[in-house]
Amino acid sequence: MRKRNRTQDGLALAAAVGLTMLTTLVIAQAVLYVQDVERASAAARLAVGQAEVIARSSAAAAKQALATRGEDCSDTDLRNLKAIAFSSSYMSDVGKVRDGQIVCTALWGALEPPMVLPAPRFQRNGAGIWRSSDVLHSPYIATNIVVRGNVATVTSPSAFDNVDPSRTSRIVIATANGEYTFRSVEPVADARDWHRNDTLERSYCSDTVGVCAAVTSPRTALWSLPSHLLATFAGLGLVTGLCLGWMAIRYRNLERSLEQRLQSAIESGELTIVFQPLRKISDGSTVGFEALARWHISPEEEIGPDIFVPLAQVNGFGPVLSRYVLATALDDIEGVLLPDAELYVCINVEPEDIADGSFPDYALSQVESRHLRPFQVCFEVTERNDIVTPEFFKNMALLQGAGFRFLIDDFGTGHSNFSHLARTSFNGIKIDRLFTGAITTDSPLRSVLPAVYELALKLNLDVTIEGIETSAEAAMLRSLAPQAIGQGWFFGRPVNARELASRRAPLDSVLDS
């Protein structure tokens, strides 16, 4: 009898432990699901917002081109088209149409032979839309061509690159009725394999331009986690009270919106800063560093700045985020900048951050309290929406008067273009990685970087070129842009402040090879 009772007790205990462990694993999987849903929903909202901005930019460029006078495709007309293309956000080219053919464009000049337009894939409000692959003799790749009247506008192929920087999801941007797909962004080849049953889908639609975004993302399976995490979950299942209490707190926190979690992360100092070297292209010597914010919501998972920075701006605490990054970066790198007055650090900001009335005093106090010099801080201004205000211009002038410097970030894409140079006195530009990657290829964009660099020198602007990943790109840039500053994995990956001292040696041996 006693032996039977012991057996029954053992079975009951085993059943209780098994049930507790199963409950723990189920809750853990639910936690992962909530994270996946939040990530997919954020990507869908960003994709639709990007589509709205692109639609407005295309219509504005076409309106400008239609209003120009003179003979189509004349030298005067081509100069006007180039000015419109350079100043238009997310537009890579603008051209003229005659007899159902695109006969000239800002990028390619007069076309021989012209691009023959078949019947449009989609029409709305007097505009015809084609995929670039539909058009005979088209040099454009994976983008859309829109014709209004006798004007054609071409969307930049990188217009949606910032929606899912990790490229693990499938994102389809299409009309609300599904008649036409504007862009389909596929996962990269080395993304983890997934099938339909292992995915979740989220969609979001615009209230203004009739566009919807559908996001298909891989679900994170519990068994795909590292073995030590699985062992941790199993161990927690043995202690029922602690397990259920911990999971309840964890699950409640994960039910909070992504916006709330980001605000909490800023307030509690969970965001960290890493620094990527900035080096002279001519000899590889270090001149400064770019401060990059990182948000690790778990040891294995990171949400990129392309997601959380716009999220902060939309929810009204962007200025708080920018001040946090500035103060934390200066705290971390103070010991590197103090001994060498020639070194500087670049901080990414939005126009709304600079326009805040108290920002100039705040920035100056942060520098002075650490005995640094204002010219050791450079603000890289990124515009996700074309917003510049009198307050921005005023505060930018105040900060420049104190010695701070300003660069236009991601120059040549989105809203960062030559139109700002006509209105503001930026100290320099940072040429986007899209054009860096093109210089060693047969891409139509390969001539953009040298042209922009030469024009920037004529305007007495400093030039930084980002996205330098290979020795071939670095070697070519030494010839094309010898006075520029380079940034990219070839010159050094982002590291924390403690590692900076060991990463500052010139790359002479690499550059001379």
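The values are calculated or read from the model by the stated rules, or taken from the named source; none is laboratory data. If you're wondering where the values come from, they're calculated on a predicted model, not measured in any experiment. Methodologically, a virtual Cβ is constructed for each residue, glycine included, from the backbone with ideal geometry; neighbour enumeration extends over all protein chains shown. The accessibility values were calculated without ligands, DNA or RNA, using every heavy atom of the protein model including side chains. Shrake-Rupley method; radii C 1.70, N 1.55, O 1.52, S 1.80 Å.
From the list F392, F406, the lone residue that is part of a strand (DSSP E or B) and either at pLDDT 90 or above or touching a Pro at 6+ places or on another chain (Cβ under 6 Å) (or both) is F406. Selection of region 275-294 for residues being among the charged types (D, E, K, R), over 21 Å from the mean Cα position of the chain (by Cα) and open to solvent by 30 Å² or more (accessible area, probe 1.4 Å) yields K280, D283. Within region 456-494, restricting attention to residues that are within 26 Å of the chain's Cα centre (by Cα) and charged (D, E, K, R), the residue that is surrounded by the fewest Cβ atoms within 10 Å (Cβ to Cβ) is R493.
If you go through region 79-99 and keep only what is out of contact with any helix residue (DSSP H, G or I) (no Cβ under 7 Å at 6 or more places or on another chain) and open to solvent by 30 Å² or more (accessible area, probe 1.4 Å), you end up with R79, N80, K82, A83, F86, S92, R98, D99.
Among the conditions (1) touching a Lys or Arg at 6+ places or on another chain (Cβ under 8 Å); (2) under 25 Å from L399 (Cβ atoms); (3) open to solvent by 50 Å² or more (accessible area, probe 1.4 Å); (4) of a type outside the set (G, A, S), the only one that T272 does not satisfy is (2).
The residues of region 147-174 that are open to solvent by 20 Å² or more (accessible area, probe 1.4 Å) and in a strand (DSSP E or B), listed by number, are R148, R170, V172.
Please specify each residue of region 69-78 satisfying the condition of being open to solvent by less than 40 Å² (accessible area, probe 1.4 Å) and without any contact (Cβ under 8 Å) to a residue 24 or more places away in the chain. S74 - this is the single residue of region 69-78 that is open to solvent by less than 40 Å² (accessible area, probe 1.4 Å) and without any contact (Cβ under 8 Å) to a residue 24 or more places away in the chain.
Scanning region 81-106 for residues that are hydrophobic (A, V, I, L, M, F, W, C) and either within 25 Å of the chain's Cα centre (by Cα) or not in a loop (DSSP other than H, G, I, E, B) (or both) returns L81, A83, I84, A85, F86, M91, V94, V97, I102, V103, C104. Do we have L321 as assigned to a strand (DSSP E or B), at pLDDT below 95 and either surrounded by fewer than 17 Cβ atoms within 10 Å (Cβ to Cβ) or within 22 Å of the chain's Cα centre (by Cα) (or both) here? No: the conditions fail for L321. If you filter region 295-313 down to residues that are assigned to a strand (DSSP E or B) and crowded, with 16+ Cβ neighbours inside 10 Å, you find that the one that is farthest from the chain's Cα centre (by Cα) is I297.
Evaluate the following for D331: is it of a type in the set (D, E, K, R) and either open to solvent by less than 30 Å² (accessible area, probe 1.4 Å) or not in a loop (DSSP other than H, G, I, E, B) (or both)? Yes, satisfied.
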